[in-house]
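Peer 1: Okay, here's the structure, questions in a sec.
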Amino acid sequence: SSGINAEWPLRPGSEMNVIEIVEYNKIPSMISYDRWWLFTWFVMVPVTIASGINAWIVENEHLSHGPPPYIPYDHLEQRAKDYPWRDGKRSLFHHEYYNPVPGQGYSWQKKEDDDE
């Protein structure tokens, strides 16, 4: 009863005036807005939460055991030149527990062997 006719226009768009075109186009845009709003809150938000929970569970399972044993493969330790930071063997984002030092193995294993 707002005066908006949602049916297909009886005349082609080229014969309609600006007011008729604007009034006719309000309804599809509102339907689109409502669908995207529903899609965002009832599909994407739950999917995002479920993905975060899944990533947390998988990562906790992954971290529950230690890193694999160090095997000094030559093809994995080739460097044209040393890194320009620290001792040159550790990458910029080196983690002492999870990343072995090329040619030496894990730093924490070396410290445990020294303590014994």
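Only the coordinates and a few stated rules stand behind these numbers; no lab work does. As the structure is a computational prediction, the values presented were derived from the model and not from experiment. Every residue, glycine among them, receives a Cβ derived from its backbone with ideal geometry; neighbour counts consider all protein chains shown.
Peer 1: Could you order the peptides 82-90, 59-67 from most to least packed, using the average number of other C-beta atoms within 10 Å per residue?
Peer 2: So the peptides 82-90, 59-67, ranked by packing, come out 82-90, 59-67.
Peer 1: Obtain the nm distance between the two label points defined at Glu61 and Tyr98 by a simple spin-label model: each point lies 7 Å from its Cα along the Cα-to-C-beta direction.
Peer 2: Placing both labels 7 Å along Cα→Cβ, they lie 1.7 nm apart.
Peer 1: If the chain between Lys81 and Arg35 were fully stretched, how many nm would it gain, using 0.36 nm times the residue separation less the Cα-Cα distance?
Peer 2: Working it through step by step, the gained length comes to 11.0 nm.
Peer 1: Related question: Give me the three principal axis extents of region 39-116 from the C-alpha atoms, as integers in angstrom, largest value leading.
Peer 2: 54, 34, 23
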